[in-house]
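The values are calculated or read from the model by the stated rules, or taken from the named source; none is laboratory data. Keep in mind that this is a model prediction, so the values were computed, not measured. For neighbour counting, all protein chains shown are included, and Cβ atoms are generated from backbone atoms with ideal geometry for every residue, glycine included. For accessibility, only protein heavy atoms count, side chains too; no ligands or nucleic acids. Shrake-Rupley method; radii C 1.70, N 1.55, O 1.52, S 1.80 Å.
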Amino acid sequence: MDTDENPVKDPRCSQFTVMKVANIAVNMLIFIVTLALCNVLHMLLRPYSQPRIISEAIVGFFLSNLPILRNNFNEDANMALGYVAEFGMILHMFVMGLEIDPAIFTRLPIREVKVACTGLLLTFLLAVFVTPMLQLSYEPNFEFDVFISLILAGTASPLLTRIINDLKIGKSDIGRFLILTAVISDLISILVFTIGYIIFDPLDGFAIRNINEVLLMLGVLIVQTILAAKCIPLLMRWVDSQNPQGKLMKGSHLIVSIASLVLVCSFSPLIAHFNMMLSVFLAGIVMPRDGRLSKLLAGKVKYFFGLLFFPVFMFWVGFEVDFSEFEVRNLLTWASIFFLFAIILVGKILGCLISGAMLGFHWQDSVAAGLLLSIKGHFHIFMALLAKQRDIISPSSSIVMVLVCFLTFIYAPVVVKNIIKRARKRSPTQRMALQWLNPSNELKIIMCLHGPENVQSAINFMEITQGTTEPRMMVYVNDMIELTDATTSTVARGEGMDAMSITDEGILEMRESITNTIQAYVNDQSEGIDVRRLLTLCPLATMHQDICTVAEDLLVSLIILPFHKNQQPDGKFNTNHLAFRSVNRKVLRHAPCSVAVLVDRGLGSTQLSRETQCISAAIIFIAGNDDREALAYAGRVARHPGVKLTVIRFLLDTNGNNVSSRITRARASTTEFEEEMKQDDEYFTEFYERHVAGGNVAYMEKYLSNSGETYSTIKSLEGDYNLFIVGRGGRVNSTLTAGMNDWEACPELGPIGDILSASDFSATASVLIIQQHKLRGKLQGLHEEFSIM
């Protein structure tokens, strides 16, 4: 007889499931709150230049030590956090090894190696001598003292790199020196760790391994290194060839690549029980760091770290560091904090002073280098907690070591500010303008484009600007593309934390067409011109910031902006790019170099060359910084054999008795006006002797009494020239232009540029309006590539 069995659900099982789901939800909420608080605290600490790790540590320690969280955060969640921390550290070590150039073993940077080795050695010797007296471990153990000494002697190069770049000294000589020295210091200390791990077993009280284990580890590591150095590069090159830049990488190729990397990096841990973190670091060193796949992996891991791992890591550290176990009343605890911190600082500073004296460094730079090379980071914190988990040191000793690690990077912003302060005193005032550019130095220009309609005028501009083939000219051709809702959907994160790539077919085709046209000109007709491509892809409201930042980073002397109106075949202007007018205005206001606005009315309709005289240009010189900058640019144009240049100087007729003449004579008695006139006369005389006296440039003078005569004289030049070069003149109160700004249609062009670019002026005369870079204050800012060492 069949019977139906209806199983009865156990209410305890259902209750257990609900509790599990509730715990997961609470844990997720805690993580979200942690991330949010980290971001808020980082914004609050930003005015004090504190690194992000400070806010992460404060939030992690605060939340994880709240009784309500610590008592209700179950062991499973804590164990999961531990796994996340360990997995993250494995990725951290892999990227750290991947970013080290293997060529460092064959081409040793002598200065950096000397400083790194001296600091390492002195700190290590001090630590080996002092740490046994601090009784950090449960039992006296010389091997453990060596292990602790290595941790104290190392430098957290990833954290130091982040701090230096965040504080804007990464491109300076001392910034580059510190980053490379920290990398070498990390490399040496971790290689010593590796040798120690092969010989001693930390899981067995640092007992010496038998010879078979040592030989097995060495043999497996050699095979793994060969696989990582020979086989992985072949795979990466194949993946790169199958996935060109600008297109999304195929998922199957990415999966195969990651699986191969995991297999190679796990080779020694699986076979010889080698440490996974050390294994991935050694494999990463010999793998190629160039190529799309390597940069993609490094970029994604760094993005994951900054967004999620570092806050979660500090949250886990807070749980592992139970302050209730901190022996506050034990004098040896405070002595340990003081002496460990003192060992790090004294060893590094003394080492940098000794090596710096041999290398001829200033003692202030040596002290600053020692302080910054003392920084400890996530790896050192993780190793301290790992020693506690292995019952090698007490919980109180692990808290001591973690606190010492935090103390080493709190002072970093103060040290960097001191470096910048001394650099400001040593560095001369630097004006990024054509007038101040050494004629023997390379001219760097950013040429901005709205689209293909600006390409031919940009090519002709490059042609006449180069003049002669020496010195060379570097032109960065920059596509200005507005980031709209439509283009946002086609943007993909590229290699690096902040890099982006666009997949819109129309934009890609437009950029490729522009590139091909310009490259064809460079290959076939230009000499002495190097071209690089740039892309500014952002909302119009912030586009000027990106342009100015790039100009500052590249040390350019001139930014060329296309006028926001394009001339149509019938001679009228269209307003297709009217929104870019605000971008031009903001760039003129904030640019770190000289800026020019190019009004194209025929310059892009023909192809200029050196063989024949094909363009007639005029420079109108009145007075002021901007006119001197325009004259400096005209000096380059004058060297081009295909340009017939005329200099037209407008001079005030001071012999008259009209009101304007009397006012000018009164102003001429002031010191400021006399100095301005002196600079104008000196620079114009220099230009005249170099270009006009030899017959290469034509010259005429126009004596005028007021702005009305200026206007009529400019109108009389209509039809005589194909290109006018003028200064913006916005900062000059000249009698010859007084009152003109009251009826300017485009104030950003200045009074003269506004007249020349008006719709009622010649439809065949292009205009270049130039504004000279002017420092705000004697030395308000300091360029990122400053030199101090």
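Approximating the spin labels as points 7 Å out from Cα along Cα→Cβ, the TYR703-to-HIS362 distance works out to 5.5 nm. Neighbours of ILE481, meaning other residues whose beta-carbon lies under 10 angstrom from its beta-carbon, give a summed charge of -2 when Lys and Arg score +1 and Asp and Glu score -1. For the pair LEU407 and LEU578, label points projected 7 Å from Cα toward Cβ lie 6.5 nm apart. Heavy-atom surface analysis with a 1.4 Å probe gives segment 238-289 a carbon and sulfur content of 71 percent of its accessible area. For the residue pairs LYS444/LYS678; LYS171/LYS421; LYS250/LYS295; LYS114/LYS168; LYS586/LYS774, the C-alpha atoms sit more than 19 angstrom apart in LYS444/LYS678; LYS114/LYS168. Accessible area of TYR476 (1.4 Å probe, protein heavy atoms only, ligands and nucleic acids ignored): about 30 Å².
For segment 504-549, the solvent-accessible area with a 1.4 angstrom probe is 51 square angstrom per residue. Counting Lys +1, Arg +1, Asp -1, Glu -1, what net charge surrounds GLN456 among other residues with beta carbon under 12 Å of its beta carbon? Its environment carries a net charge of -3. Net length available on complete extension from SER616 to ALA763 is 51.4 nm, with 0.36 nm assigned per residue and the Cα-Cα distance removed. Ranking VAL587, VAL599, HIS577 by Cα position along the charge dipole of segment 527-642, where only Lys, Arg, Asp and Glu carry charges on their C-beta atoms, puts HIS577 farthest toward the positive end. Looking at segment 379-465, the accessible area is 35 square angstrom per residue; that uses a 1.4 Å probe and ignores ligands, DNA and RNA.
Among 529-541, 323-335, the peptide with the highest mean count of other Cβ atoms within 10 Å heads the list, and the full ranking is 529-541, 323-335. Dipole orientation for segment 295-334: of the candidates LEU307, LEU331, LEU297, LEU297 has the Cα lying most toward the positive pole (charges on Cβ; Lys, Arg +1; Asp, Glu -1).
Listed highest first by mean packing, meaning other Cβ atoms within 10 Å per residue, what order do 228-238, 278-288 come in? Before the final figure, lay out the partial values.
Details: 228-238: 15.8, 278-288: 23.5.
Averaged packing, sorted descending, gives the order 278-288, 228-238.
Using r as the Cβ-Cβ distance of ASP720 and GLN525, and R0 as 25 Å, what FRET efficiency do you calculate, to the nearest 0.05?
Values: r = 28 Å, r/R0 = 1.10.
E between ASP720 and GLN525, to the nearest 0.05, is 0.35.
Spacing of the modelled spin labels on VAL328 and VAL346, each 7 Å from Cα toward Cβ, amounts to 2.9 nm.
Stretch THR713-LEU218 to full length: gain in nm at 0.36 nm per residue minus the Cα-Cα span? Let's see the in-between values first.
Details: separation 495, 0.36 × 495 = 178.20 nm, distance 8.62 nm.
This chain segment gains 169.6 nm when fully extended.
The protection proxy used here, the mean number of other Cβ atoms lying within 10 Å of each residue, ranks peptides 508-521, 161-174 as follows, highest first: 161-174, 508-521.
Using a simple charge model, +1 on the beta-carbon of Lys and Arg, -1 on the beta-carbon of Asp and Glu, nothing else, what dipole does segment 199-351 show about its Cα centre, in debye to the nearest 20? Working shown, then result.
Working: 12 positive and 9 negative charges, 204 e Å.
With Lys and Arg at +1 and Asp and Glu at -1, about 980 debye.
Based on protein heavy atoms only, segment 255-309 ends up with 42 Å² per residue of surface accessible to a 1.4 Å probe.
Candidates LEU254, ILE285, ALA182 compared by Cα position along the dipole of segment 168-300: farthest toward the positive end lies LEU254, with charges placed on Cβ.
Carbon and sulfur atoms: what percent of the 1.4 Å accessible area of segment 363-461 do they account for?
57
Set the Förster radius R0 to 35 Å, insert the Cβ-Cβ distance between THR606 and LEU554 as r into 1/(1 + (r/R0)^6), and round the FRET efficiency to 0.05. So, using R0 = 35 Å, E works out to roughly 0.70. Which FRET efficiency, nearest 0.05, do GLN545 and MET133 yield, Cβ-Cβ r, R0 51 Å? Efficiency for this residue pair is about 0.40.
Only loop residues by DSSP count here, and only those with at most 13 other Cβ atoms within 10 Å; note down the trypsin sites (Lys or Arg not before Pro) in segment 345-445 that meet that. Intermediate values should be presented prior to the final figure.
Numbers: sites: LYS348, LYS376, LYS388, ARG390, LYS417, LYS421, ARG422, ARG424, LYS425, ARG426, ARG431, LYS444; in loops: LYS376, ARG390, ARG431.
When the trypsin sites (Lys or Arg not before Pro) of segment 345-445 are filtered for loop state and at most 13 Cβ neighbours within 10 Å, ARG390 remain.
Maximal additional length on extending the LEU125-SER252 stretch stands at 40.6 nm, based on 0.36 nm per residue less the C-alpha distance. Residues whose amide H lies under 5 Å from that of ASN478, counting only those 5 or more places away or on a different chain, are MET447, CYS448, LEU449, LEU534; hydrogens are built 1.01 Å from N in the peptide plane. For segment 680-729, the carbon plus sulfur part of the accessible surface works out to 41%, probe radius 1.4 Å.
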